[in-house]
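Participant: Pasting in a structure now, in structure tokens, and then I'll have a few things to ask.
The values are calculated or read from the model by the stated rules, or taken from the named source; none is laboratory data. Small disclaimer: the values here were computed from a predicted structure and weren't measured. Neighbour counts are summed over all protein chains in view; Cβ atoms, including those assigned to glycine, are modelled from backbone coordinates with ideal geometry. Protein only, heavy atoms only, side chains kept; ligands, DNA and RNA dropped before computing areas. Shrake-Rupley method; radii C 1.70, N 1.55, O 1.52, S 1.80 Å.
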Amino acid sequence: MTLTVPATEIADDRYAGLDTWPDEAILSALLDGQRRALASVEAAIPQLARAAKAASEKLRAGGRLIYLASGSPALISLGDALEIPQTYGVKRERILLLFAGGKSIFDNLTGVDEDSAEAAIADVAAHRVGPADCVIATSASGSTPYTVAGLTASRAAGAVTIGIAGNAGAPLIEGADIGVLLDAGPEVISGSTRMGAGTAQKAALNMFSTLVGVHLGHVYDGLMVNVTADNAKLRQRAARIVMKITGADDATAARALELSHGEVKLAVLMAAGAAGLGEANALLGKYQGNLRAALADMAAATPA
């Protein structure tokens, strides 16, 4: 019987004797693996675009974005998920984390919990995943029992599902509404998918969540106009954003941010001429939070 080895588990002959190589040669090989991983993401761009559109539609309608994973992909997903509220102002309760082993993985990351399909099904049921939600599930192999079962249960419950994996034809890709293949190839250290596969996952998730932010109207040019300005650095960034978009001076930007309680979009509209917080809120509401559309409305209403 011939055993089919997934691409993410293949031992590449190029790295025979790796442990005897000079340190610089080992590091160069590792870097080359990272480059190949990043290159693999390019082929996935069309599917990532579909995924971001689906997720933004659910969030815009009041649903949740749910990250589902185990092991290293869970840790990578965690970083992406937790930064969305900070960077784009999406409410934290709209982002849900379903990870094999739950919070225990932050203290002791083992492979035991990822084998439990039953735990995933229970987690999906306990959090009432349903038609309002978008689930993005990530696994290097694409066959991790917890992740595959969680995605299957989520899809059965009516959620839109996105499956990200590193092996063509993997159950996670085949079972998702939108399958995303990240074909990074064999790892330099066979099976160590926190490396090349992990880099590809991180890049893909960063790109996905950033495009979600764009779709939700939280990006204007290259600026984060829905950033949560909760420290000195971010308050300074918020002021610079208001000044850059409107041409306002420091004092005007600071006053607008004070009146808007730090909400950058509202501050931009007031600095641009909106008559107070009420008008700024009404404009944003009219265009579902899209700052560009609200500013265009103001410009059209201003006499030449």
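Participant: Could you check the simple spin-label distance between Lys244 and Ala122, using points 7 Å along Cα→Cβ, in nm with one decimal?
Facilitator: Once both label points are built, they end up 4.8 nm from each other.
Participant: While we're here: For the cross-link pairs Lys103/Lys202; Lys91/Lys202; Lys202/Lys286, which exceed 30 Å when the distance is taken from alpha carbon to alpha carbon?
Facilitator: On the way: Lys103/Lys202 20 Å; Lys91/Lys202 22 Å; Lys202/Lys286 35 Å.
Listed pairs above 30 Å: Lys202/Lys286.
Participant: Sorted by packing (mean other beta-carbon atoms within 10 Å per residue), highest first, where do 160-168, 17-25 land?
Facilitator: Packing order, densest peptide first, comes out as 160-168, 17-25.
Participant: Where does the chain land at 222 nm, in deg cm²/dmol rounded to the nearest 500, when only DSSP H runs of n ≥ 4 count, each adding -39500 (n - 2.57), divided by all residues? It would help to have the intermediate numbers written out before the result.
Facilitator: Working: 12 runs with 154 residues, N = 304.
The helix-only estimate for the chain comes to -16000 deg cm²/dmol at 222 nm.
Participant: How much space per residue, in cubic angstrom, does the convex hull of the C-alpha atoms of segment 126-275 take up?
Facilitator: On the way: hull volume 24.2 nm³, N = 150.
In segment 126-275, the Cα convex hull volume per residue is 161 Å³.
Participant: Follow-up. Please compute the contact order of the chain in relative form: average sequence separation of alpha-carbon pairs under 8 Å and at least six residues apart, divided by the residue count, as a percent. Write out the running numbers ahead of the final one.
Facilitator: Details: 524 pairs, mean separation 60.5, N = 304.
So the answer I get is 20 percent.
Participant: If every alpha-carbon in segment 113-212 counts as one equal scatterer, what log10 I(q)/I(0) does Debye give at q = 0.12, 0.15, 0.18, 0.23 1/Å?
Facilitator: Computed log10 I(q)/I(0) values: -0.38, -0.58, -0.82, -1.19.
Participant: Summing +1 for each Lys or Arg and -1 for each Asp or Glu, what net charge is found among the other residues whose Cβ lies under 10 Å from the Cβ of Thr199?
Facilitator: +4
Participant: If you don't mind, there's one more thing I want to ask. Assign one of three labels to segment 205-265, namely rounded, prolate or oblate, based on the Cα gyration tensor with a ≥ b ≥ c the square roots of its eigenvalues; rounded applies when a/c is under 1.5, prolate when it is not and a/b is larger than b/c, and oblate otherwise. Please list the in-between numbers first.
Facilitator: On the way: a/c = 2.39, a/b = 1.86, b/c = 1.28.
The shape class here is prolate.
Participant: If Lys and Arg each add +1 and Asp and Glu each add -1, what is the summed charge of the other residues whose beta carbon sits under 12 Å from the beta carbon of Met298? Walk me through the numbers on the way to the answer.
Facilitator: Details: positive: Lys286, Arg292; negative: Glu279, Asp297.
Residues near Met298 contribute 0 overall.
Participant: Based on Cβ point charges of +1 for Lys and Arg and -1 for Asp and Glu, what charge dipole magnitude is obtained for segment 185-237 about its Cα centre, in debye rounded to the nearest 20? Before the final figure, lay out each step's value.
Facilitator: Values: 5 positive and 3 negative charges, 37 e Å.
Value, rounded to 20: 180 debye.
Participant: Decide, for segment 173-226, between rounded, prolate and oblate: order the square roots of the alpha carbon gyration tensor eigenvalues as a ≥ b ≥ c, take rounded if a/c falls under 1.5, and otherwise choose prolate if a/b is larger than b/c, else oblate. All intermediate terms of the calculation are to be shown ahead of the outcome.
Facilitator: Details: a/c = 4.44, a/b = 1.92, b/c = 2.32.
Since a/c reaches 1.5 but b/c is at least a/b, the shape of segment 173-226 is classed as oblate.
Participant: Taking the Cα atoms of segment 1-72, report the difference between the largest and smallest coordinate on each principal axis, in whole Å and largest first.
Facilitator: Cα spread of segment 1-72 along its principal axes, largest to smallest: 56, 39, 24 Å.
Participant: Give me the distance between the Cα centres of segment 233-293 and segment 156-213, rounded to whole Å.
Facilitator: Cα centres, segment 233-293 to segment 156-213: 37 Å.
Participant: Here's a follow-up. With the chain treated as a Gaussian network of Cα nodes joined by springs under 10 Å, which of Ala280, Ala293, Ala140 yields the largest mean-square fluctuation?
Facilitator: Ala293
Participant: Got the relative contact order for segment 190-304 handy, in percent, Cα pairs under 8 Å and 6 or more residues apart?
Facilitator: Values: 101 pairs, mean separation 22.7, N = 115.
Normalised by residue count, the contact order of segment 190-304 is 20 percent.
Participant: I want to verify a result. In a Gaussian network model of the chain, Cα cutoff 10 Å, which of these has the top mean-square fluctuation: Ala197, Ala61, Ala248?
Facilitator: Ala61
Participant: Now a separate question. Toward the positive end of the charge dipole of the chain, about the Cα centre and with charges on Cβ (Lys, Arg +1; Asp, Glu -1), which of Ala165, Gly276, Ala254 goes farthest?
Facilitator: My answer, from the dipole projection, is Gly276.
Participant: What dipole magnitude, in Debye to the nearest 20, does the chain give about its Cα centre under +1 on Lys/Arg Cβ and -1 on Asp/Glu Cβ?
Facilitator: Working: 25 positive and 31 negative charges, 265 e Å.
Here the size comes out at about 1280 debye.
Participant: Send over the per residue convex hull volume for segment 2-149, Cα only, as a whole number of Å³. Don't jump to the answer; show the numbers that get you there.
Facilitator: Values: hull volume 25.8 nm³, N = 148.
Output value, Cα hull per residue: 174 Å³.
Participant: GNM, the chain, Cα, under 10 Å: largest mean-square fluctuation among Ser190, Ser40, Ser209?
Facilitator: Ser190
Participant: Show Asp249, Asp297, Asp177 ordered by accessible area, largest first, where the area counts protein heavy atoms only and the probe is 1.4 Å.
Facilitator: Numbers: Asp249 90, Asp297 35, Asp177 60 Å².
Result of the area sort, largest leading: Asp249, Asp177, Asp297.
Participant: Quote the charge dipole size of segment 52-97 about the Cα centre in Debye, to the nearest 20; the model charges only the Cβ of Lys and Arg (+1) and of Asp and Glu (-1). Walk me through the numbers before you get to the answer.
Facilitator: Working: 7 positive and 4 negative charges, 45 e Å.
Its charge dipole is roughly 220 debye.
Participant: When the Kirkwood hydrodynamic radius is evaluated over all pairs of different C-alpha atoms of the chain, what value in angstrom, to one decimal, is obtained?
Facilitator: Working: mean 1/r = 0.0476 Å⁻¹.
21.0 Å is the Kirkwood radius here.
Participant: Set the Förster distance to 30 Å, then compute FRET efficiency between Asp19 and Leu78 from the Cβ-Cβ distance, nearest 0.05. It would help to have the intermediate numbers written out before the result.
Facilitator: On the way: r = 31 Å, r/R0 = 1.05.
Efficiency at R0 = 30 Å is approximately 0.45.
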